[in-house]
1. What pairs can you find where one residue is in the range 4-15 and over 11 Å from Thr272 (Cβ atoms) and assigned to a loop (DSSP other than H, G, I, E, B), the other is at pLDDT 95 or above and aromatic (Phe, Trp, Tyr), and their Cβ atoms are less than 9 Å apart, with a gap of 6+ or different chains?
2. Applying the selection to the range 402-421, what residues are in contact (Cβ under 8 Å) with a residue 40 or more places away in the chain and charged (D, E, K, R)?
3. In this structure, is Thr172 closer than 19 Å to Lys141 by Cβ, in contact with a Gly (Cβ under 6 Å, 6 or more places away or on another chain) and surrounded by 14 or more Cβ atoms within 10 Å (Cβ to Cβ)?
4. Which number in (1) farther than 25 Å from Gly234 by Cβ; (2) crowded, with 17+ Cβ neighbours inside 10 Å; (3) basic (Lys, Arg) marks the one condition that Lys370 misses?
5. Enumerate the pairs (first residue in the range 51-68 and in the same structural domain as Ala88 (by TED's automatic domain parsing); second residue anywhere and of a type in the set (Lys, Arg) and not in a loop (DSSP other than H, G, I, E, B)) with beta-carbon separation below 6 Å, excluding pairs fewer than 6 apart on the same chain, so at least 6 apart or on different chains.
6. Looking at (1) buried (at least 17 other Cβ atoms within 10 Å of the Cβ); (2) of a type outside the set (Asp, Glu); (3) in a strand (DSSP E or B), which is the only condition Thr316 fails?
7. Determine whether Gly90 is in a helix (DSSP H, G or I), at pLDDT below 95 and within 30 Å of Asn218 (Cβ to Cβ).
8. Is at least one residue of the range 379-401 free of Cβ contacts under 8 Å to residues at least 12 places away in the same chain and under 27 Å from the mean Cα position of the chain (by Cα)?
Amino acid sequence: MSNCAIVGINWGDEGKGRMVDLLTSDYDIVVRYQGGGNAGHTVVNEKGRFALHLLPSGIVRDGVSNVIGNDVALDPEVLWKEIGSVRAKGVEVTPDNLKISERASLLLPWHRELDSLEESRLADHRYGSTKQGIAPFYSDKFQKKTALAGELSDPAALKRHLMEIMEWKNLTLEGVYGAAPYTEEMLDRWLEDYCEKLTPFICDTGDYLREEASKGRNILFEAQLGAMRDIDYGIYPYTTSSNTLAAYAPIGSGYPEVRLDRVVGVVKAYSTCVGEGAFVSELFGEEAEALRRAGGEYGATTGRPRRVGAYDAVATAYGVEIQAATELAITKLDVLSYLEKIPVCTAYIIGGKEVTGFPFPTDLDKATPKIEYMKGWMCDISGARRWDQLPSEARDYIRYIEESAGLGATYISVGPERDSYIRKDREE
């Protein structure tokens, strides 16, 4: 049995879904253990292109079981619609290959509205939320003001519970934001349209994972977003509201005693960021737009143009450290093929001093990047499948990432397709 977590090293959007889809050939179960519908994982394979938000990325590979763990913000509406969309492309989704933790809390109908109302109130000081209700959800979860998925097995008791929560939440909607209250009719419609249909998928995922592990099954844990968005160790307050680190995978999956054998840290060959907050290596103007176009850098959930920047050696080394990554997967190397010279952020400048350690969040606003340039390769590398097929300049660039991160790369992605990668560790 082998257990592996695939996690983001930077701000998210590193290409984790692509790596999960690739590595599931060696794993039997894929577990999504945190986050919600506020970020997407894009997978491209023979069945088509999928922008997944709540479904684990293993859902599009035949023969793989998938688990939505207890710390996922379970939005029944988003999940049910997503199930419908992948089924329409020929993907099988049944209680046999998708299991939802009975301890996962439900993201309730008012959470998305509260998210939007608060971002509007914050105006120029907003956090850059995707307005999918994630912050209000996790706030309510820790106030014990939501319901567990397992409560769907007793509809009458669940209805009473939700009516009590709705009465409390309407005080905020009306009294703080001047918004319209939710009604019993609205709640009934939500329960009927989305929640009841998910009941067959709900089980004790801890028991399921323990049983499968006892049979020698290999488990892959899939994270959302990246290290810089972790609620405890990220660029607070411009983070998500959950723990994005590999160390949290056992807890968020429902299998707290499991041990990880591998942690694959995914990092792009350049930097991207959706949302607000410090992004020291950010590029602007035509330089940024050219990179954005080359990489197709638009959010899988919102369609928003991603902020783009130079590869950030400072942030990446920090992400590797707090993720306890054992190996790197470098994605989108092919995107840089148009550049004659490639910018890299080798350090931060704060108060006139060069800094290579990642700063405290409030110091990030004072930081400017130290940019150096590496020679580009100026040719198409999307057909490369071996390390020695890459131009020497591309190999030098990969070695710089490895040296600055303090960790070797196992996988190098040169395209979005499942087979568009180089397995570097087997060739040097």
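1. Ile9/Tyr318
2. Result: Glu402, Glu417, Arg418.
3. no
4. Only one criterion is unmet by Lys370, namely (1).
5. Pro56/Arg32; Val67/Lys99; Ile68/Arg32
6. All conditions pass for Thr316, except number (3).
7. Details: in a helix (DSSP H, G or I): no; at pLDDT below 95: yes; within 30 Å of Asn218 (Cβ to Cβ): yes.
In short, no.
8. Yes, the range 379-401 has at least one match.
The values are calculated or read from the model by the stated rules, or taken from the named source; none is laboratory data. Quick caveat: nothing in here was measured; it's all calculated off a predicted structure. Note that each Cβ is placed from the backbone with ideal geometry, even for glycine, and that neighbours are counted across all protein chains shown.
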